[in-house]
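The values are calculated or read from the model by the stated rules, or taken from the named source; none is laboratory data. Predicted model, so just to flag it, every value in this text is computed and none were measured. With ideal geometry, Cβ positions are generated from the backbone for all residues, glycine too; neighbour counts draw on all protein chains shown. We work out accessible area using only protein heavy atoms, side chains counted, and drop any ligands, DNA or RNA first. Shrake-Rupley method; radii C 1.70, N 1.55, O 1.52, S 1.80 Å.
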Amino acid sequence: MAENRKRKLLSLTATAAANTHRNQTDVNLNVSPAKQKKPIHNALSAETEQSHYFTKTKADLQHRLGEEFFKQPCISLAKAFLGKVLVHKCEDGTELRGRIVETEAYLGGEDKASHSAGGKRTERNTAMFMKPGTIYVYPIYGIYLCMNVSSQGEGAAVLLRSLEPLQGQSVMRQLRAARRKEGARQLKDKELCNGPSKLCQALNIPRCFDRRDLASDPEVWLERDPDTNPAEHYDVVSAPRIGIESHGEWAKKPLRFYLRGHPCISVVNKEAEKLSMSCTVKNDLDSSDVQYDTGQLNVKRTQQEQS
């Protein structure tokens, strides 16, 4: 059954690429020879299709992050992931890209909601104890997958919770449709990757990616966008994690991080956003008070020196 599913997914990516080629041909046939002097590129191709929210070319995103980036404590890495671009190069050469807009930190042994709580090691969670940057893919409900990345700290890892689709949306849409009921409405771009299992479906992340090195793997990697970093334009909200209500006080800890106002967030937490906004305003006011006090002190010193 697993082999049949794999063949079906490969067939979907190939079909999407073939449709793109046919669309390109149809466009060229409807354009006069004089206007065909310059090549026409289909805006919906899997190679150049861009996000509605951020417009970037493929060449601008070729800035792979190395192993040094992943050598951070779990919470720091979870925040650092925001704005970075996850890439999966499929077997047919198609590259699927999505910008990370939401993460969750799982701190290892002390974290009661973590798979490695109490330092527990199993065959399933081995990747959590491997070097920072190791991919941890695990199944939920027996049919869906979630993708995590190990960080510094014994058994610590970051869950990738939501992406903003950047490239290959037509392929992503077909991959998502293959797991939905027949006749279901077509998904909007913002709905393609707005959940941990959804992003694994949309980017065709398989279970066999478990324990791979995100810093060196030829099929899947993380990129830095040198010109646009959404984390600089959005406030980062800290909120409780999703789906761990049974884990006592750890269910309330603000270890989920997302970009406020971004359309691809899986679950918006209004209470956390208000608290985050209050803290931001307070910090701004405290900063202004410090600057004012420093200025007054400098004025007094100048007056004393002149006298």
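If I filter region 88-100 down to residues being in contact (Cβ under 8 Å) with a residue 40 or more places away in the chain and more than 16 Å from Arg173 (Cα to Cα), which single residue comes out as most open to solvent (accessible area, probe 1.4 Å)?
Glu91
Gly248 passes all but one of (1) modelled with pLDDT under 95; (2) out of contact with any Leu (no Cβ under 8 Å at 6 or more places or on another chain); (3) on the phi < 0 side of the Ramachandran plot; which number fails?
The number of the failed condition is (3).
Determine whether Val237 is part of a loop (DSSP other than H, G, I, E, B) and not basic (Lys, Arg).
Answer is no for this residue.
Tell me which strands (runs of 3 or more DSSP E) are completely within region 144-234 and hold 3 or more residues being over 16 Å from the mean Cα position of the chain (by Cα) and at pLDDT 95 or above, or say none if there are none.
Qualifying strands (runs of 3 or more DSSP E): none found.
Is it the case, given these coordinates, that Ala127 is in a loop (DSSP other than H, G, I, E, B), touching a residue at least 60 places away in the same chain (Cβ under 8 Å) and open to solvent by less than 50 Å² (accessible area, probe 1.4 Å)?
Here the answer is no, as Ala127 does not meet what is asked.
For residues in region 57-72 being open to solvent by 70 Å² or more (accessible area, probe 1.4 Å) and in contact with a strand residue (DSSP E or B) (Cβ under 9 Å, 6 or more places away or on another chain), which is modelled with the highest pLDDT?
Only one residue fits best here, namely Lys71.
Being open to solvent by less than 70 Å² (accessible area, probe 1.4 Å) and part of a loop (DSSP other than H, G, I, E, B) is the filter; apply it to region 240-252 and report the residue that is nearest to Met277 (Cα to Cα).
Step one: filter region 240-252 for residues open to solvent by less than 70 Å² (accessible area, probe 1.4 Å), giving 240-244, 247-248, 250-251.
Now restrict to residues that are part of a loop (DSSP other than H, G, I, E, B): 240-244, 247.
Working: Pro240: 16, Arg241: 19, Ile242: 21, Gly243: 24, Ile244: 25, His247: 27 Å.
Among residues in region 240-252 that are open to solvent by less than 70 Å² (accessible area, probe 1.4 Å) and part of a loop (DSSP other than H, G, I, E, B), the one nearest to Met277 (Cα to Cα) is Pro240.
Being at pLDDT 95 or above and part of a loop (DSSP other than H, G, I, E, B) is the filter here, so list the residues in region 130-141 that pass it.
Met130, Lys131, Pro132, Gly133
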